[in-house]
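What follows is one structure encoded as C-alpha cells, with my remarks underneath.
The values are calculated or read from the model by the stated rules, or taken from the named source; none is laboratory data. As the structure is a prediction and not an experimental result, all values here were calculated from the model. All Cβ positions, glycine included, derive from the backbone under ideal geometry; neighbour counts span all protein chains shown. When the accessible area is computed, the model is the full protein with side chains, heavy atoms only, and any ligands, DNA or RNA have been set aside. Shrake-Rupley method; radii C 1.70, N 1.55, O 1.52, S 1.80 Å.
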Amino acid sequence: MRNSEFMTCLPFSKVSTFNTVFFILFFLKVIYIPDSGVFAQYSFSRWDSIQVKNEITTLLNPWSGGLNFPQFSAIDLDGNGKDDLFVFDRSGIGGSKILTFINLEIPDSAAFVHQPGFQKLFPPLQGWALLADYNKDGKQDIFTSNPKGGITVFRNDFSLPGGLKFTLADDLLKAGFGGNKLEVYVSPWDIPAIADIDNDGDLDILSYNVGGSFVTYFKNTSMENFGIPDSLVFEMADACWGKFKESFENCDISIGVSCKENGFPSAYGNLDQKHAGSTLLALDLDGDYDMELIVGDLVCNYLTRLTNGGSLISADITEIDTQFPSELPVKLSLFPAAFYLDLDNDGIKDLTVAPSAINISENFKSVWWYKNEGSNGIPQFKFKSNSFLQETMIEAGEGASAAFFDADGDGLQDIVIGNFGYYKTGPNYLSELSLYKNTGTKTNPSFQLTTRDFAGVSALGLTGVSPAFGDIDNDADLDMIIGESKGELYLFENSAGAGANAIFSLTGPGYKDIDVGQFSSPQLVDVNKDGKIDLLIGERNGNINYYENSGSEFEAEFTLKTDSFGKVNILEEGSVTGYSVPRLVELDSTSDYSLLAGSESGKIYLFKGIEGNLSGEFLKIDTFFQNISEGIRSTIDLADINNDGNRELMVGNYRGGVAIFKNNASPRKIIPAGEPFALKLFPNPVRDIFFVNIPEINSNADIFFYNILGELIFQRQIVSAGKYYLNSKSFSSGIYHCKLVVDGVIIFSEKIMFVK
C-alpha cells in the first residue's frame, strides 16, 4: 500500500533547516533539486536482440513490427550487389510504414533480417510505393503515389562513400496526349504496373483510368527520343490497352471492348461511374515477350490472369483465368495485390501476394509466397507459405496494444498484447490477448508465445482490446482491466494471490458504467499519490480521462475528475482523431511523474509539470519522443526488464507488432560484495518530516514500513542513492519497523517512533 502524505520520496541534496524544508513543501507541494551524483536522464534505442520464440521456433525478426497490407520490391540497400527487401505497408487510413530487410543470401532460402537503419533514408511515401530502375543504372528508383492522383519519382543515387540516397526526379509525371500534357493518373488506392511493356528497354506504365474500367498505357519514349533509357518522358499511347473492361459492380472482366467515346479515345473513360480500386502486375507468363496482366480487385478475394494474345505493338487480352496460380489459386479475403521478385536467391523471380484493402481484409496470415520453379520467361508458381515474413515476427493481426505483466508470478515481466482484432469473415474482427512469457533471467529477458487467447477474452466478442494491470483490491496480485472499441471497460479480477500464476475471472463487464466514447485505452496508476490506484483512460478523440479512486484501497470507486487530464490532446494538425494511450510514470531518477502518450500518428508525446498540478495544464515537452515512430496508432508501456534500474519502453503499432527500446541511461551503482549497508533514519523519534539517507544501492531495492502488528503501512521502490525526506502526517503515533530489501534480501532493519 502507498500513502499519499509521505509518498513523495525525493532526493534533496542541501537542507539548511527543518523550517526551510517545510516551507518548500507547503507552497510547492513537490520539488526536486537534482544532485549530479544521482540524477539520470533517459536515452532509448532499439533492442532487437531479445530472443522470442513462437510455439516452436525462434523468430528471426520478432521486433520488426508486424505486417497488414504490404507491398514488396527488391533493392540493394547496402551496396553489396545483392537484392535486399523493401516493404511498404499501407497500414491504415492516412498511415503507412517503410520496412527494410537485408538478404541473408542463403541459397534456396527466403531469409531476410530487419535492418531499420535504412528506413530513415527513404523519403516520406504514401498510398503505394514500387521500386524499379528507370534509368538502367542498376539501382532501384522509387515510384509512389502523389496526393494529386498521379506519380512521384525519386531517383536512387546510391554511392559507396555516401550510401543510400534518394533525389526527387519528377514530382508529378505527365504524358503527352493530343498536344497537351496529362497527369499519369493512378488512384491512391490502386497499384499500377511499372514494366517495359513494349520491350524497347525503358519502363512504361499501365494504370486504370479515372473511371476505373479501362487500363491506360503510358509509353515511355526515352529510347525513341534519346536512344538511352534514362528519362521519364511519356505519351498516352492507348486508352484501352488490351481491349478489356472491368465491371463497376463486381469482379467480371469483358474482353474485346473498345473505350472510344464519340469516336475518340478517352484517357479517363466514363466519369459518371468510378471503380473503387484495382491492382496490376505486368509480366510475361508464356515466353512470347509480350506482357500478361495479373489483376486484383477491391471486391474480389482472388487474382485474375489476363493472357495477352496480341503483340508488342497492340495488346489484346484473349483469355481470362480466375484460378491463378493454377497450383493453388489465391484466396485472400479482399483486394489482393501481386508482386514479382526473387526471394530465395536462385536468380528467378517469385510471386508474393498480399491484401491492399485496409481494415477489411486478412491481417494475420496475409502474405502468400509462391516459389517460381520455372523461369523468368515461363514461370511455374508453387505455393510455399501464407505468412511470408509475418511468421518471423511478433504478429497480433491488426493493431497491437502491448503491456508488461508478470503473469506467472516468477518476478519476470511477461508481455500481453491486445489487438484491434483478427480478421474473420465479412466485416467481422475478433480481439484476443496474446501472452509472451518471459523465459529469460532478471538481467537477460527472452520471450515465448504461450497463448493467443489469454484469459479467454475472445469469448467476449470485442474489438480494440487494450489491457492494463494493477492491484485494484489490494490483495497482493494484479488485476486486469481492458478497454475496447466502444469505449467501455471490463474488469478481470485476479484471485491467484502473490507470486502465483494469474487466475482471471470476469467480474465487471461494462465496469462501473464507465464509457469514454470510443477506443478506451486504460492505465491503472496512483495519479494523486494517495495510496489508492486511479484510472487514466485514453480515447479516440485524443484526450485523456482521469477517474480518481474515491473508494478505499480494498474497494475501488472511480469518480470522473476530468475528461481533459492536463489539458492534453494529441490531435495532429488536420486530424479529427487522436487515439491517445496514456502512461503516467516516473521516467527518470526523480520521483516526479512524466506523462507519455501514444497517438494515431505513431509519434509519442511527452508531458511534464504534473506534480501538484493535476487540475492544471501540463507542459508539452516533446511531440516526437526520442524520434520513435513505429507506425500509426502507437501504444506504449514501460518496465525495467533487465534489472538495471531503468525502465525499457515497449511500443505497439497498428500493423500488429511491437518493438522494445532499451533505456541507456547510466545504471545505478551496485553495492560491492561484503560492503556494509548503512541506511540512516533521522530524527528519531519523528514528529513531522523525517529523512532517509541511502548510500549506494543495488538495483531492485525497496523500503518498507510495518506497524507493531506486522501490517505493511508503506512500500516504496528506491531508484537511486541520496537523501530522501518523507512527510509522516498520515502516520499514527507509535513504533514502526523500517526494512530495506535489495534483491529479496533484508539489508537494513530498524525501529522508528512517531510522536504526534
Discussion item. Among the residues in region 78-88, are any without any contact (Cβ under 8 Å) to a residue 12 or more places away in the chain and open to solvent by 10 Å² or more (accessible area, probe 1.4 Å)?
Written reply: yes
Worksheet item: Can you tell me how many residues in region 392-409 are surrounded by fewer than 24 Cβ atoms within 10 Å (Cβ to Cβ) and modelled with pLDDT under 95?
Response: 1
Worksheet item: Considering only residues of region 562-578 that are in a loop (DSSP other than H, G, I, E, B) and of a type outside the set (G, A, S), which is surrounded by the most Cβ atoms within 10 Å (Cβ to Cβ)?
Response: I570
Worksheet item: In region 359-369, which residues are farther than 11 Å from Y423 by Cα and among the β-branched types (V, I, T)?
Response: V367
Worksheet item: Taking the stated definitions as given, is T392 more than 30 Å from D290 (Cα to Cα) and either without any contact (Cβ under 8 Å) to a residue 24 or more places away in the chain or in contact with a Ser or Thr (Cβ under 6 Å, 6 or more places away or on another chain) (or both)?
Response: no
Practice prompt. Go through the residues of region 579-600 one by one and say whether even a single one is free of Cβ contacts under 8 Å to residues at least 40 places away in the same chain and open to solvent by 40 Å² or more (accessible area, probe 1.4 Å).
Written response: no
Fill in: Considering residues of region 340-363 that are closer than 23 Å to N103 by Cα and in a loop (DSSP other than H, G, I, E, B) only, the residue most open to solvent (accessible area, probe 1.4 Å)
K349
Worksheet item: With respect to L67, is the statement that it is in a loop (DSSP other than H, G, I, E, B) and more than 30 Å from L606 (Cβ to Cβ) true?
Response: no
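Residues are listed down the side, and each one gets a yes or a no for (1) modelled with pLDDT under 95; (2) crowded, with 24+ Cβ neighbours inside 10 Å; (3) in contact with a Lys or Arg (Cβ under 9 Å, 6 or more places away or on another chain):
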site: F607; (1), (2), (3): no, yes, yes
site: E617; (1), (2), (3): no, no, yes
site: I621; (1), (2), (3): yes, no, yes
site: P667; (1), (2), (3): yes, no, no
Fill in: Subset of region 423-446 that is modelled with pLDDT of 95 or more, assigned to a strand (DSSP E or B) and among the hydroxyl-bearing types (S, T, Y) - its residue that is nearest to N501 (Cα to Cα)
Y436
Worksheet item: What are the residues in region 70-92 that are polar (S, T, N, Q) and not in a strand (DSSP E or B), if any?
Response: N80
Item to complete: Look at A337 and say whether it is open to solvent by less than 10 Å² (accessible area, probe 1.4 Å), assigned to a strand (DSSP E or B) and of a type in the set (G, A, S).
Response: yes
Worksheet entry | Conditions (1) farther than 25 Å from D410 by Cβ; (2) over 25 Å from the mean Cα position of the chain (by Cα): number failed by G461 | (2)
Fill in: Residue that is farthest from Q119 (Cα to Cα), among those in region 630-654 that are out of contact with any Leu (no Cβ under 6 Å at 6 or more places or on another chain) and in a strand (DSSP E or B)
A639
Worksheet item: Is one or more of the residues making up region 581-596 part of a loop (DSSP other than H, G, I, E, B), touching a strand residue (DSSP E or B) at 6+ places or on another chain (Cβ under 7 Å) and modelled with pLDDT of 95 or more?
Response: no
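Residue-wise test of (1) in contact (Cβ under 8 Å) with a residue 60 or more places away in the chain; (2) of a type in the set (A, V, I, L, M); (3) over 30 Å from V330 (Cα atoms).
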site: K382; (1), (2), (3): no, no, no
site: E398; (1), (2), (3): yes, no, no
site: F404; (1), (2), (3): yes, no, yes
site: Y422; (1), (2), (3): no, no, no
site: K442; (1), (2), (3): yes, no, yes
site: L449; (1), (2), (3): yes, yes, no
site: A455; (1), (2), (3): no, yes, yes
site: I472; (1), (2), (3): yes, yes, yes
site: D479; (1), (2), (3): no, no, yes
Item to complete: Could you please find all residues in region 181-199 being over 14 Å from T216 (Cβ atoms) and at pLDDT 90 or above?
Response: K181, I191, A195, D196, D198, N199
Worksheet item: From the residues in region 202-233 that are touching a helix residue (DSSP H, G or I) at 6+ places or on another chain (Cβ under 9 Å) and either without any contact (Cβ under 8 Å) to a residue 40 or more places away in the chain or open to solvent by 10 Å² or more (accessible area, probe 1.4 Å) (or both), which one is farthest from L131 (Cα to Cα)?
Response: I228
Discussion item. Suppose we filter F558, F565 for residues that are in contact (Cβ under 8 Å) with a residue 12 or more places away in the chain and in contact with a helix residue (DSSP H, G or I) (Cβ under 6 Å, 6 or more places away or on another chain); which single one remains?
Written reply: F558
Worksheet item: Quick one: in region 168-219, which of the residues that are aliphatic (A, V, I, L, M) and part of a loop (DSSP other than H, G, I, E, B) is farthest from the chain's Cα centre (by Cα)?
Response: I197
Worksheet, complete the sentence: Of all strands (runs of 3 or more DSSP E) fully inside region 112-156, the set with 2 or more residues that are farther than 24 Å from K82 by Cα is 141-146, 150-156
Worksheet entry | Filtered residue count, region 254-294, keeping only those that are at pLDDT 50 or above and surrounded by 14 or more Cβ atoms within 10 Å (Cβ to Cβ) | 20
Worksheet item: Restricted to region 535-561, and to residues that are outside any loop (DSSP other than H, G, I, E, B) and hydroxyl-bearing (S, T, Y), which residue is least open to solvent (accessible area, probe 1.4 Å)?
Response: Y546
Worksheet, complete the sentence: Of the residues in region 645-659 that are charged (D, E, K, R) and closer than 18 Å to F447 by Cβ, the one that is most open to solvent (accessible area, probe 1.4 Å) is R647
Practice prompt. Output yes when any residue across region 684-698 is modelled with pLDDT of 70 or more, open to solvent by 60 Å² or more (accessible area, probe 1.4 Å) and part of a strand (DSSP E or B), and no when none is.
Written response: no
Worksheet, complete the sentence: Restricted to region 623-644 and to residues being under 21 Å from Q518 (Cβ atoms) and of a type in the set (A, V, I, L, M), the residue least open to solvent (accessible area, probe 1.4 Å) is I636
Worksheet item: For region 356-382, what are the residues that are modelled with pLDDT of 95 or more and under 20 Å from M393 (Cβ atoms)?
Response: V367, W368, W369
Worksheet item: Quick one: in region 89-111, which of the residues that are open to solvent by less than 20 Å² (accessible area, probe 1.4 Å), at pLDDT 95 or above and under 14 Å from the mean Cα position of the chain (by Cα) is farthest from K365 (Cα to Cα)?
Response: L99
